[in-house]
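*Asks:* Sharing a structure, written as structure tokens. Questions coming.
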Amino acid sequence: MGFLQLLKSQFLCHLIICYVFLVSGLIINLLQLCTLPVWLVSKQLARRINIRLAYCISSQMVATLEWWSGTECTLYTDPKSYPLYGKENAIVVLNHSFEIDFLCGWTFCERFGVLGSSKVLAKKQLAYVPIIGWMWYFLEIVFCKRKWEEDRRTVNESLQKLRDYPENFWFLLYCEGTRFTPKKHQVSMQVAESKGLPKLKYHLLPRTKGFWVTVQSLRGTAAAVYDSTLNFRNNEMPTLLGLLNGKKYHADLYVRRIPLELIPEDEKECAEWLHKLYQEKDSFQEHYAKTGRFPGPIMSPPRRPWSLINWLFWSCLLLYPLGLLLTQLISSGSVFTIVASVAVCSAAADLTPPIFTGSSLDDWPD
Ligand SMILES: CC/C=C\C/C=C\C/C=C\C/C=C\C/C=C\C/C=C\CCC(=O)SCCNC(=O)CCNC(=O)[C@H](O)C(C)(C)COP(=O)(O)OP(=O)(O)OC[C@H]1O[C@@H](n2cnc3c(N)ncnc32)[C@H](O)[C@@H]1OP(=O)(O)O
Ligand SMILES: CCCCCCCCCCCCCCCCCC(=O)OC[C@@H](O)COP(=O)(O)O
């Protein structure tokens, strides 16, 4: 193991990364709160400010993937579609199979310049997660309760508000509705069977109602659906903890741009269209399993320095006062103060979320 790799595996480094993320995140949440009066004066200005503030948070996680772990992200796509990425609004349909699939999504957002404005149809519980959930509130993220009777109206209303959004955005939809596990897959295929639909090997049966309402609400606003299929080389099962430990993964993303006009308006036809799309996605995964690559040419966008620059900025800002505090603590010579501080740090380490103890984000309470 080289020196750099050894350094990346040190708990102290993880503590520093998390400290910068947590403290800067809370400061940014506070700044977002301060933009509330701006909404009254100019909604578009408030949105533009919040896009930049959100970038300061999400790009730290992207920096962990791109710069700390050095994970490589390869894009397979049609060269004719490539110039349009980041230059139009789009609905992104992505498979939900990995703990860090959202982060790979964010990384592509960063590379195409839409990270701050990127959106998702997320479960309501995530709105209460400090930093990320609170940041999403100000980004006008669309939340669902996964109860269609309620979501039908609220999701449509939230999406309608995005019609005059001032910057290009990608709206992510995990149509499977939950992360893939063998048990969920088994249940899902029973549903497929009862509906007379072909079985899928690599995906759960897509939930069609959210897709239909999204496409209908964003007609005239989004230009296309980006059908995106993600996988990792060598059967890697990447985790956030792995990234924090500096483990380098290799993500492959296959994207097809489908103009929105090609998607049926009728609810039933739209549902059938989505089922067919997932059957195609399944065949791409089969191709990947057999050949180790997706069909089509590689058009990988390079990583940009901004996520690293943002992280260095917040680190300098926040590690300086921490350094001063520690120096004062040690020079105070008080055994009680030093022991109390070590105890607080140990408690914080014990209370860290499950991702840092090796279990999955799925273990977080709803
Ligand atoms: C160039 C680069 C391109 C791309 C880069 C990639 C990405 C970057 C883009 C953006 C990044 C932005 C942000 C990312 C950051 C973070 C994201 C993190 C987290 C979010 C994750 C989540 O929260 S996922 C959970 C929430 N989301 C969803 O659920 C969405 C999908 N769900 C729906 O759409 C649902 O329809 C619904 C939620 C709107 C409503 O749900 P409800 O359950 O009430 O209704 P349904 O109609 O879905 O269900 C009833 C029908 O379903 C049948 N059924 C029952 N059991 C099952 C089963 N197990 N599987 C499938 N179907 C089932 C049932 O029979 C009913 O059928 P009917 O025929 O009667 O309708
Ligand atoms: C700089 C980086 C330092 C990192 C340290 C901080 C780590 C904090 C990480 C918080 C990340 C929270 C992002 C939210 C994304 C959660 C994705 C997710 O897992 O969604 C749930 C879905 O799967 C469906 O859930 P269920 O159907 O199981 O209900």
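The values are calculated or read from the model by the stated rules, or taken from the named source; none is laboratory data. Small disclaimer: the values here were computed from a predicted structure and weren't measured. FYI the Cβ positions are ideal-geometry reconstructions off the backbone, even for glycines, and counts take in every protein chain you see. Just so you know, the surface numbers come from the protein's heavy atoms only, side chains and all, with ligands and any DNA or RNA stripped out. Shrake-Rupley method; radii C 1.70, N 1.55, O 1.52, S 1.80 Å.
*Asks:* Note down the magnitude of the dipole of the chain about its Cα centre, charges +1 on Lys and Arg C-beta and -1 on Asp and Glu C-beta and zero elsewhere, to the nearest 20 debye. Walk me through the numbers before you get to the answer.
*Replies:* Working: 39 positive and 32 negative charges, 45 e Å.
Computed charge dipole of the chain: roughly 220 debye.
*Asks:* With r defined as the distance between the Cβ atoms of LEU325 and TYR82 and R0 fixed at 45 Å, what FRET efficiency is calculated, to the nearest 0.05?
*Replies:* Details: r = 48 Å, r/R0 = 1.08.
It comes out at approximately 0.40.
*Asks:* A further question follows. Go ahead and estimate [θ] at 222 nm for the chain from helices alone: -39,500 (n - 2.57) per DSSP H run with n ≥ 4, summed, over the residue count, rounded to 500.
*Replies:* Working: 13 runs with 185 residues, N = 366.
Rounded to the nearest 500, the figure is -16500 deg cm²/dmol.
*Asks:* Just the Cα atoms of region 108-256: what Rg and Dmax do they give in Å?
*Replies:* 16.9, 45
*Asks:* Can you pick out the pairs among LYS87/LYS199; LYS147/LYS195; LYS147/LYS183; LYS43/LYS281; LYS123/LYS201 whose Cα atoms lie more than 30 Å from each other?
*Replies:* Going by Cα-Cα distance, LYS87/LYS199; LYS43/LYS281 fall outside the 30 Å limit.
*Asks:* Hey, another quick one. Taking only complete DSSP H runs, can you tell me which helices of the chain stretch 15 Å or more along their own long axis by Cα positions and average at least 0.5 on the Kyte-Doolittle scale? Don't jump to the answer; show the numbers that get you there.
*Replies:* On the way: long enough: 11-34 (34 Å, 2.23); 43-63 (29 Å, 0.20); 101-111 (16 Å, 0.08); 148-161 (20 Å, -2.02); 182-194 (18 Å, -0.97); 267-291 (36 Å, -1.54); 306-332 (39 Å, 1.31); 335-350 (22 Å, 1.86).
Helix filter hits for the chain: 11-34, 306-332, 335-350.
*Asks:* While we're looking at this one, here's another question. For the chain, with a Gaussian network of springs between Cα atoms less than 10 Å apart, report the residue from ASP151, ASP266, ASP101 with the top mean-square fluctuation.
*Replies:* ASP266
*Asks:* Quick one: pull the percent of accessible area on the chain belonging to carbon and sulfur, 1.4 Å probe, ligands and nucleic acids left out. Walk me through the numbers before you get to the answer.
*Replies:* Details: 11900 of 18280 Å².
Answer for the chain: carbon and sulfur cover 65 percent of the accessible area.
*Asks:* What does the extension gain come out to for GLN190 and ARG146, with contour length at 0.36 nm per residue minus their alpha carbon separation? Could you put the intermediate results ahead of the total?
*Replies:* Working: separation 44, 0.36 × 44 = 15.84 nm, distance 1.98 nm.
Length gained, GLN190 through ARG146: 13.9 nm.
*Asks:* Between SER24, SER334, SER117, where does the largest GNM mean-square fluctuation fall for the chain, given springs only between Cα atoms within less than 10 Å?
*Replies:* SER334
*Asks:* So how do PHE232, PHE3 rank on accessible area, 1.4 Å probe, biggest first, that is with the largest at the start? Numbers along the way, then the final one.
*Replies:* Details: PHE232 5, PHE3 155 Å².
In descending accessible area the options line up as PHE3, PHE232.
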